[in-house]
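The values are calculated or read from the model by the stated rules, or taken from the named source; none is laboratory data. Worth saying up front: this structure is predicted, and the values here are computed from it rather than measured. Here the Cβ positions follow ideal geometry from the backbone for every residue, glycine too, while neighbour counts run over all protein chains shown. Only protein heavy atoms, including side chains, enter the accessible area calculation; ligands, DNA and RNA are left aside. Shrake-Rupley method; radii C 1.70, N 1.55, O 1.52, S 1.80 Å.
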Amino acid sequence: MDLQTAAAALADASLRDEAVEAMVAAGDYVIEPLLDELVDPDSWLDRSGIIAVLRRFGPVAYRPLIVQLTIAQTPDAVELCCRALGIAAASDTADFALQVCSEDAEVRAGTAFVLGYRRRSEYAPLLVPLLADPVQRVRDEAIGAFGRLGRSAVPLLRRVRGSRAPERRYALAALTQIGWDTPEPPDLAALARLTRTKIAADIPEPFVPQDGWYAIETTDRAAVLEAFDLSDPVAVTWSIGTDTWRGHDSRHSRTAYDEHADCARMYVSPVLDDWTLVFGTPVADGELDRHDHELNRLLDIEGDYTSDGREHQRRQARCAALSEQFGRAHWYGQNYESGCGDWQGWCLAEHGKVLRYYYRDCSEYVEPIQFGAGPAAETGLRIDSTETEDRFARQNGIPDTVTPMLMAGRASVDPSRIGANTRTRGHGVLALTACGRRLGHRGAFSIESSARGAS
């Protein structure tokens, strides 16, 4: 069927399916003329037939459709464009379309955030062009928005992934942001092959963690997983595994879990100089109710959250239990990003006994919480100082103030000083805590080559 015949046949219900396929087979160049005919009140073409063709083109037609929506002159034209996109012609539809097409990247990024934050799943097609935006921040916000829309967006993203649209590459990232089980089997197989290839050549690189991690003197990963009540381990590269704890700019790994970013999963590292590092906040099955209660209190902006201090007791008890099983177990933690709320601490335990616990809240001048005599790792270092004192010490050659990183380097393994001299065995895994088992593995991979490798 030639194009002229196909265009005329769109009005014939018995021939429409054949006519639609003929027009789609002609190529993407017919989309723009069809859009002109769609909004032309004097067009002789059947409107329902045009919409059927545009829907058959699918994601390839989304961008021009959204542009057409922004310039629609009449309510009827808006309605027709929305029907072709599969969205409702609500009062704010045209406004969102205008913002998606804005020349200002901040406006585009903000629109993606709003649509995701408000869970506006009915407008998911408007987010699709932003997946391939030339500005990375906009792409990141679009991926994060799809993550918040959740599994209702999976059919759309799978269709984008299976199309010729430029957004197909980033649709894979959006799918994994929703859940690592959401891509189609061929993509899952390709990602598994890519991960195995990268793990084989993976070399851990130094980084400065934010929040807490454990150091266990053992090479037995299975025993570590059991000790922390972790399940569903997935082999990942060092970069992907540590992404959540690289600071609060680790966008996809953090936004995928929102307030559960630190407690849904833990990263169990490869063996580093006979130590295994475990990043994250452990939550065992028996601790879930308490964990949820405390998190809800913390998130209650109208409440007055005051820590009861029991986390220090629990931290010491955990280290003691771990050290009874493995011989030596340490906890380190720090957060220096915000100024207000900064803190640091460490806990050293051996053979079932806590030898040293130190925790200092840096946001206000309060006495640090400490237990036990300073171990050999603290020898020659100042334990407490102000910023002014630190500056004076540096200028006059006075020994450094002890920090979690210095303690880790002296007592176990300093993640910020991992290098060529670090003996590495095996690979790391991301595993789910009791909190994370309710959510599953999710989060777009932190390396864009994951999407390229499966493109």
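Below is a table of values for the structure above.
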quantity	calculated
Residue in region 283-291 that is modelled with pLDDT of 85 or more and touching a Ser or Thr at 6+ places or on another chain (Cβ under 6 Å) present	yes
Residue within region 354-374 that is at pLDDT 85 or above and charged (D, E, K, R) present	yes
Residues that are more than 15 Å from T424 (Cα to Cα) and among the aliphatic types (A, V, I, L, M), drawn from region 195-235	V208, A222, A223, V224, L225, A227, L230, V234, A235
Residue list for region 221-256, filter: at pLDDT below 80, assigned to a loop (DSSP other than H, G, I, E, B) and crowded, with 19+ Cβ neighbours inside 10 Å	A256
Any pair with Cβ under 9 angstrom, 6 or more apart, that starts in region 78-91 at a residue that is farther than 14 Å from S48 by Cα and ends at one that is basic (K, R)	A89/R83
One residue from S91, S43, S14 being surrounded by 13 or more Cβ atoms within 10 Å (Cβ to Cβ), assigned to a loop (DSSP other than H, G, I, E, B) and of a type outside the set (A, V, I, L, M, F, W, C)	S43
All positions within region 185-206 that are more than 30 Å from H351 (Cβ to Cβ), in contact (Cβ under 8 Å) with a residue 24 or more places away in the chain and surrounded by 14 or more Cβ atoms within 10 Å (Cβ to Cβ)	D187, A190, L191, L194, T195, K198, I199, D202
Every residue from region 139-157 that is among the β-branched types (V, I, T) and crowded, with 24+ Cβ neighbours inside 10 Å	I143
Filtered residues of region 207-220 (kept if open to solvent by 10 Å² or more (accessible area, probe 1.4 Å), at pLDDT below 95, in a loop (DSSP other than H, G, I, E, B) and not aliphatic (A, V, I, L, M))	F207, Q210
Residue in region 170-179 that is over 22 Å from V107 (Cα atoms) and open to solvent by 40 Å² or more (accessible area, probe 1.4 Å) present	no
